[in-house]
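Worksheet: the structure to be examined is printed underneath.
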Amino acid sequence: MSDRTMRRQVLLFFSVICLSSALGQVSYSIPEETAKGSLVGNIAHDLGLEVKQLLARRARIHTGDSAEYIQLNKEKGLLIIKERIDREALCGQTTPCALHFQIALESPIEIFPITVEITDINDNAPTFQKEEKNIEISESAVIGSKFMLDKAIDPDIGLNGLQSYTLKPNDNFIIKLHSQSDGFKKVEMILQKPLDREKQEFTSLLLTAVDGGEPQRSGTMQIHITVLDANDNAPVFTQTVYKASVKENSLKGTIITKVSASDADKGSNGDVSYTISNSMIGTSKLFHITEDGHLILEGPIDFEKAKNYEIDVEAVDRGGLSDSSKVIIDVGDINDNSPVINMISSSNSVGEDSPSNTVVAVMSVNDPDSEENGKVRCVINKNIPFTIRSTSSNFYSLVTDSELDRERASDYNITVTCSDEGVPSLSSSVTLTLQISDVNDNAPVFERSSYEAYIVENNTPGLSIFTVKARDADWNQNARVSYILEDSSVNGVPVSSYVSVSADSGVIHAVRSFDYEQIKDFHFRVKAQDGGSPPLSSNVTVKILIQDQNDNPPQVLYPVQTGGSLVAEMVPRSADVGYLVTKVVAVDVDSGQNAWLSYKLQKATDRALFEVGLQNGEIRTIRQVTDKDAVKQRLTVIVEDNGQPSRSATVTVNVAVADSFPEVLSEFTDFTHDKEYNENLTFYLVLALAVVSFLFITCLVVIISVKIYRWRQSRILYHSTLPVIPYYPPRYSDTLGTGTLQHVYNYEVCRTNDSRKSDCKFGRAGSQNVLIMDPNSTGTMQRIQNEKTTSDLKSVNPPLVGLNSY
Ligand SMILES: *[C@@H]1O[C@H](CO)[C@@H](O)[C@H](O)[C@H]1NC(C)=O
Ligand SMILES: *[C@@H]1O[C@H](CO)[C@@H](O)[C@H](O)[C@H]1NC(C)=O
């Protein structure tokens, strides 16, 4: 019902009242809650009575059972309010609300019905029974969902009654009123915009009920709305991609990272669990994710196998909503790999003449680690003539960097050590044994810069004199030294006829017997040559000094010993003591002590008359010559040298003690024909015969020998590489017929292959044929022959061979 309709009805009502009062029934209208004592109406007037009459007639109000709200003021003829009137208490919702009573008058009794209508005033606000209300609404509630609200109650009626409701705030809901049959209105709240618990879980609305009075009154009620969760939110990862890193070789159970997804829902709808949804092959065993999002290492990881991993993770809530994200795990390298050295090629030996930068070995070095851990540096041991170079990445070559010398170091152990730059650094090494092969770069070197050797004359041919030695620092064949006698000549004769050198041992042999009196020293060169190709050589000077032996007896020069002549020294009878008769002059071709001569008187006719100077050989008288002394004096002087053993020569000196020559001559006639002389003469005759015979035979032999020799030599020249070197060493040659000198010619044949092999073949002593002739006239042949067998033959023995002549 609209307000206007209500007012019209009220107007109609008042006109009815007025009409009725005109018909004898008095009606009044007062608003409720009018103050006590307020005037309701002038009843006296309205009833047409005098005030006095009211008193007089004892007017009174009759209400029946009802309480008296109205009082009659008889003095003034007025109706006034006795009690406050609450219309709502009096009538409730009934309208109109009126007090019905009568005014009774006595004398005459008259009853006047009075109606006092109580009109409503807005003295009540709408009120709710409860001050607040809780409503739980699921956030999934659909638009248009209805929720009943409590009604408010306003006891006032009409316009003063409850008019409308408002709801604030009204974002999500509107109020809808439904009129009901009982006249009350049903209040509904309708969802017009979806709720979102995640946005606002709790909302308080204020429901206000207002009436239409003037002033308007209202009542409120709090409506607490709790939005119930629905699983309307999927989990959301905090990052679309997670980045994490883990060191290789980390222990199982290491937490790599934590992923997290948030779910806006509440309770179990917001419980998120994590799984690894898919991953690269093989990685599922490596990682594990816990319910709460910790990504945990499960297996061994190796940077060298995989540098990173990509894992898809999924977050699922209880409602099955999910989100996915990716975890990229970078594997951090640690230095867990040593460098690996691979020898690509290497040589076992290198020549000592190799130039610098000769490549000895090539190797590759790898370290699978990364960055510094994989950076490798290689070094080799110090103080060796090699260096290591990096040719290209990971390749190294070992090269020589200075001259090699096998003689200083014949092999090297080269240790290549490669280490990476990780901390701590890892390294590995390899050792290469390199032989330095020999090159013939060293000439043989003699132990001494020159040699001097002594040999006593009359040595045995073939005697080893001494040894030269040269060393060669090279190896094997390059160090095999051969000794070669260098060609030179000594006194016009090739030196090879004096000495030979053993090629292997360096032993120097005398090829012949040396004679100090002929040659005192000589020198030659010996070359030492190694077996290299080309060979290297050096040479040394060898000086041979021949030492004297007492092999020559003294030789008397004066007085000259002639066979037939008569030589005598004259001593006048008047000669004084110490008269120098003569001087025996002798020489000894030996030297030193061997040539130190002393003179002694061996035999004398009169020992008391002469003496010989020991040193000077002077024969002097030692007493006065007397007449009794024989004219013919014969002295035998022995000349001895000082050698060991000493050798001697004797000389006979004839002395004539006379004053005149004829005296001497007569005395000496038989002197010449003495027995000894005859014996000598006979001996010489026999000897001459023998010599002639021998010469004849010798000539025959020589002729035949020469023939055979030429024939054989031509054959040897064709069929043999052995040169035959005949030589004829000269022995001491003396044409003087004096003294005890021997004339011996030895023809020695020495066959050699070459000068390097001392291969002289000497004949046996038994095959020698020695003929000695001593032409001295002193008749000492027998002794000399004896001496020959003891000394000369001894010195010649054994190697005299072939033909001996003189
Ligand atoms: C090299 O090593 C070997 C074996 O260890 C050793 O016999 C040799 O003497 C070493 N050579 C050098 C030059 O150190
Ligand atoms: C011997 O050696 C010297 C240097 O020591 C050299 O000058 C000379 O030529 C060499 N002689 C021969 C014949 O080889």
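The values are calculated or read from the model by the stated rules, or taken from the named source; none is laboratory data. Keep in mind that what you see is a predicted model, and the values were worked out from it rather than measured. Because the Cβ atoms are built from the backbone with ideal geometry, glycine has one as well, and the counts that use them run over all protein chains shown. Just the protein is used for accessible areas: all its heavy atoms, side chains included, with ligands, DNA and RNA removed. Shrake-Rupley method; radii C 1.70, N 1.55, O 1.52, S 1.80 Å.
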Is it the case that L545 is away from ligand 1 (no atom under 16 Å from the Cβ), at pLDDT 90 or above, among the hydrophobic types (A, V, I, L, M, F, W, C) and surrounded by fewer than 16 Cβ atoms within 10 Å (Cβ to Cβ)?
yes
If we keep only residues of region 402-426 that are surrounded by fewer than 18 Cβ atoms within 10 Å (Cβ to Cβ) and among the hydrophobic types (A, V, I, L, M, F, W, C), then the residue nearest to ligand 2 (Cβ to nearest atom) is A409
Between a first residue in region 531-545 that is on the phi > 0 side of the Ramachandran plot and a second residue that is assigned to a loop (DSSP other than H, G, I, E, B) and away from ligand 1 (no atom under 16 Å from the Cβ), which pairs have beta carbons less than 9 Å apart while being 6 or more apart in sequence or on different chains?
none
Please list, ordered by first then second residue, the pairs with beta carbon atoms under 9 Å, 6 or more apart or interchain, first in region 133-154 and at positive phi, second open to solvent by less than 90 Å² (accessible area, probe 1.4 Å) and of a type outside the set (A, V, I, L, M, F, W, C).
G144/Q192
Given the conditions (1) closer than 30 Å to V350 by Cα; (2) within 16 Å of ligand 2 (Cβ to nearest atom); (3) surrounded by fewer than 18 Cβ atoms within 10 Å (Cβ to Cβ), and given that S429 satisfies all but one, which numbered condition is not satisfied?
(2)
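Among the residues of region 316-343 satisfying the criterion of being of a type in the set (S, T, N, Q) and touching a residue at least 40 places away in the same chain (Cβ under 8 Å), which is nearest to S427 (Cα to Cα)?
S338
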Would you please name the residue that is most open to solvent (accessible area, probe 1.4 Å), looking only at residues in region 193-215 that are without any contact (Cβ under 8 Å) to a residue 60 or more places away in the chain and aliphatic (A, V, I, L, M)?
L206
Could you say whether any residue in region 523-533 is away from ligand 1 (no atom under 16 Å from the Cβ), of a type in the set (A, V, I, L, M, F, W, C) and within 29 Å of S410 (Cα to Cα)?
yes
Taking region 371-424 as the search range and keeping residues that are within 16 Å of ligand 1 (Cβ to nearest atom), assigned to a loop (DSSP other than H, G, I, E, B) and more than 16 Å from the chain's Cα centre (by Cα), which one is nearest to N348 (Cα to Cα)?
S410
Going by what's in this entry, would V423 be described as in the same structural domain as N539 (by TED's automatic domain parsing) and not polar (S, T, N, Q)?
no
Give all pairs with beta carbons closer than 8 Å in which a residue from region 592-613 that is open to solvent by less than 50 Å² (accessible area, probe 1.4 Å) meets a residue that is hydroxyl-bearing (S, T, Y); count only pairs at least 6 apart in sequence or on separate chains.
L601/T636; A604/T636; L609/T621; F610/T621; V612/Y599; G613/Y599
Going by the structure shown, is L54 closer than 16 Å to S27 by Cβ and surrounded by 13 or more Cβ atoms within 10 Å (Cβ to Cβ)?
no
Among (1) in contact with a Leu (Cβ under 6 Å, 6 or more places away or on another chain); (2) within 30 Å of W596 (Cβ to Cβ), there is one condition D530 misses while meeting the rest; what is its number?
(2)
What strands (runs of 3 or more DSSP E) lie completely within region 536-633 and have 2 or more residues being within 16 Å of ligand 2 (Cβ to nearest atom)?
537-547
Going by the conditions given, is D333 surrounded by 16 or more Cβ atoms within 10 Å (Cβ to Cβ), acidic (D, E) and more than 40 Å from the chain's Cα centre (by Cα)?
no
When region 229-256 is checked residue by residue, the ones that are part of a strand (DSSP E or B), surrounded by fewer than 17 Cβ atoms within 10 Å (Cβ to Cβ) and of a type in the set (S, T, Y) are S245
So Q477 passes all but one of these: (1) assigned by TED's automatic domain parsing to the domain that holds L536; (2) within 16 Å of ligand 1 (Cβ to nearest atom). Which condition number does it fail?
(2)
Of everything in region 264-276, what is within 25 Å of K199 (Cβ to Cβ) and either open to solvent by 30 Å² or more (accessible area, probe 1.4 Å) or modelled with pLDDT of 90 or more (or both)? Give them in sequence order.
A264, K266, G267, S268, N269, D271, V272
Subset of region 478-530 that is under 21 Å from D551 (Cβ atoms) and among the acidic types (D, E) - its residue that is most open to solvent (accessible area, probe 1.4 Å)
D521
Please go through region 452-508 and give me each residue that is without any contact (Cβ under 8 Å) to a residue 12 or more places away in the chain and assigned to a strand (DSSP E or B), ordered by number.
S489, P494
